[in-house]
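The next block holds one structure in the form of structure tokens; read it before the comments.
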Amino acid sequence: MFGIGMTEMVLIAALALIILGPKKLPELARSLGKGFAEFKRTTNELKNTIDLEIKAEDKRHNQKVAALNKKKSLDNSDDETPVPETDETSIKTSVKDAPIVAAEKQEKTEEDDVELKDNV
């Protein structure tokens, strides 16, 4: 305790007994005990208060971060262009027309080939 060995503690107790006398030594020990208890109680209260403040600050910080993340996600969702919804009929129509368009392209390329041969 405090770097004091057993022999040093016995020596200090003997000197206190000689200097203060047997009547005042118990009173001094009692007042020292009360002082240490009060000091311990005060330090525990301070520690608890600091812990509560740290937790409250963490909670406020987490709420700010959550609000910023929410705002950021809302801003990002506004920037995205909405995908146009297609209904079933437009899909069916485009699928039905696909072979016709492909056939027209084929005919056009054949006509272009014939024109090229004629020009040569």
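For segment 7-73, the Kirkwood estimate of the hydrodynamic radius, built from every pair of different alpha carbons, is 16.4 Å.
Summing +1 for each Lys or Arg and -1 for each Asp or Glu among the other residues whose beta-carbon sits under 13 angstrom from that of residue 53 gives 0.
Dipole size of segment 7-73 about its Cα centre, with +1 on Lys/Arg Cβ and -1 on Asp/Glu Cβ: approximately 560 debye, rounded to the nearest 20. Simple spin-label estimate for residue 20 and residue 54 gives 3.7 nm between the two label positions (7 Å along the Cα-to-Cβ direction from each Cα).
Values in this text are rule-based calculations from the coordinates and carry no lab data. Keep in mind that this is a model prediction, so the values were computed, not measured. Please note: Cβ atoms are built from the backbone with ideal geometry, for glycine as well, and neighbour counts cover all protein chains shown.
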